[in-house]
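First the structure, in the form of C-alpha cells, and then the observations on it.
The values are calculated or read from the model by the stated rules, or taken from the named source; none is laboratory data. Quick caveat, the model's predicted, so the values are computed rather than measured. Don't worry about glycine lacking a Cβ; one is built from the backbone with ideal geometry, like all the others, and counts go over all protein chains shown. SASA here: full protein model, heavy atoms, side chains in, ligands and nucleic acids out. Shrake-Rupley method; radii C 1.70, N 1.55, O 1.52, S 1.80 Å.
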Amino acid sequence: MGDLGIPAATARSSLARLCSRGVLRREPRDGVAGYALEPAAVPMLERGDDRIFGERVEATAWCLLSFSFPERRRGSRDRLRRRLSALGCGTVADGLWIAPAALEDELAATAHDIAGEADVVLFADAAPRGDLAAGLARWYDLEAIRRVHESFLARFGGEAAPADDAQAFALWIRALDEWRVIPYRDPGLPSAELPVGWPGADSAVLFRRLRERLEDRAVAHVAAVAGPARTVAAAR
C-alpha cells in the first residue's frame, strides 16, 4: 500500500472495514499479523472477476425485470433499484428494468436476495423491435458512460513503460481500480446502436494491453515484498 502512496493508518483502517464487511478475516502466520479471504466472499469476488476481466461481448438479446413492492417495503424497493443500477441495468419505467441477456443470472440472484414476497418477474432472451438506439438513449445515461470510457483512455493511454516492477505494480493497481467500474456502467451495449465514435471498444483494448504489460510484473513485485509463495498465490 505504501507503493501506492497510501499511509499506513489509512491502510489499516481499510483492512478493518473489509474484515467487518466479511471480505477478509485476520489470520496471523508465524507470529506475524496477516489476513486471508473469507470463504463466503469468494463467490462474490469471482463474479466480479468475470465481469472485470472477461471479454467484452456486445448484447444481441435482452432480459427485462418487472417488480412491484407494497409501500410498506419501500426500503427493499429502493435497495433493489440501487443494485440493478450497479449491475448495469437500464431503467425503462419505474418498475421495469432492462439489461443484456448475459446478466440474467445476476439479475435473478439479486431479485431472489432482495425481493422476498414482492412480485418480481424476469423475462429472458427478449429480442428488440423498433428503434433500439433511441431506447438505449432513454434507458441509460450514455453521456456519463462515455465520460468514464474517455477518462480511462485519457489517463492511461499515454503511460510510458514503468522502469521497475514497483512502478508497474502501482500503475496496474491504479488502472485496474479505474477500469473495474466500467464493465458495470457499460455492460456490453451494442456499438452499432450507440452514438458515432463510441469509445467502449478502445477502452477495452487499452485495458487488455495494460494487463498484458503490467500484471505479471505487478505480481512479481508482490512476491518480492510479501515473501512466501503461498502468500503470493493467495493474493493473486
Quick one: in region 129-146, which of the residues that are assigned to a loop (DSSP other than H, G, I, E, B) and over 19 Å from Leu84 (Cβ atoms) is modelled with the highest pLDDT? Asp131
Looking at Arg211, Arg174, can you tell me which residue is in contact (Cβ under 8 Å) with a residue 24 or more places away in the chain, under 19 Å from Gly5 (Cα atoms) and charged (D, E, K, R)? Arg174
Considering only residues that are part of a loop (DSSP other than H, G, I, E, B) and open to solvent by 40 Å² or more (accessible area, probe 1.4 Å), look in region 164-195 and name the one that is farthest from Glu212 (Cα to Cα). Pro195
Quick one: in region 72-90, which of the residues that are basic (Lys, Arg) and over 16 Å from Leu103 (Cα atoms) is most open to solvent (accessible area, probe 1.4 Å)? Arg72
Scan region 14-26 for residues that are surrounded by 11 or more Cβ atoms within 10 Å (Cβ to Cβ) and among the hydroxyl-bearing types (Ser, Thr, Tyr) and jot them down. Ser14
Note down all Cβ pairs under 8 Å where the first residue falls in region 70-82 and is closer than 25 Å to Arg185 by Cβ, the second is in a helix (DSSP H, G or I) and open to solvent by less than 50 Å² (accessible area, probe 1.4 Å), and they're at least six residues apart or on different chains. Ser76/Ile114; Ser76/Ala115; Arg79/Ile114; Leu80/Thr110; Leu80/Ala111; Leu80/Ile114; Leu80/Ala115
Residues Asp125, Asp202: which one is part of a helix (DSSP H, G or I) and either out of contact with any Asp or Glu (no Cβ under 9 Å at 6 or more places or on another chain) or closer than 29 Å to Cys63 by Cα (or both)? Asp202
Output the residues belonging to region 34-50 that are touching a residue at least 40 places away in the same chain (Cβ under 8 Å) and closer than 24 Å to Phe207 by Cα. Arg47, Gly48
Looking at region 35-63, which of its residues are in contact with a strand residue (DSSP E or B) (Cβ under 7 Å, 6 or more places away or on another chain) and either surrounded by 17 or more Cβ atoms within 10 Å (Cβ to Cβ) or not hydrophobic (A, V, I, L, M, F, W, C) (or both)? Tyr35, Glu38, Ala59, Trp62, Cys63
Can you tell which of Ala109, Ala161 is under 21 Å from Glu212 (Cβ atoms), open to solvent by 40 Å² or more (accessible area, probe 1.4 Å) and out of contact with any helix residue (DSSP H, G or I) (no Cβ under 6 Å at 6 or more places or on another chain)? Ala161
Among (1) touching a residue at least 40 places away in the same chain (Cβ under 8 Å); (2) open to solvent by less than 50 Å² (accessible area, probe 1.4 Å); (3) among the hydrophobic types (A, V, I, L, M, F, W, C); (4) touching a Leu at 6+ places or on another chain (Cβ under 7 Å), the one test that Ile114 misses: (1)
What's the number of the condition Phe156 fails, among (1) touching a residue at least 40 places away in the same chain (Cβ under 8 Å); (2) farther than 30 Å from Gly5 by Cα; (3) not small (Gly, Ala, Ser)? (2)
What pairs can you find where one residue is in region 190-208 and in contact (Cβ under 8 Å) with a residue 24 or more places away in the chain, the other is among the acidic types (Asp, Glu) and in a helix (DSSP H, G or I), and their Cβ atoms are less than 6 Å apart, with a gap of 6+ or different chains? Pro199/Glu150
Pair list, Cβ under 9 Å, 6 or more apart: region 127-147 residue farther than 14 Å from Gly90 by Cβ, other residue hydrophobic (A, V, I, L, M, F, W, C): Ala127/Ala61; Ala127/Trp62; Arg146/Leu194; Arg146/Trp198
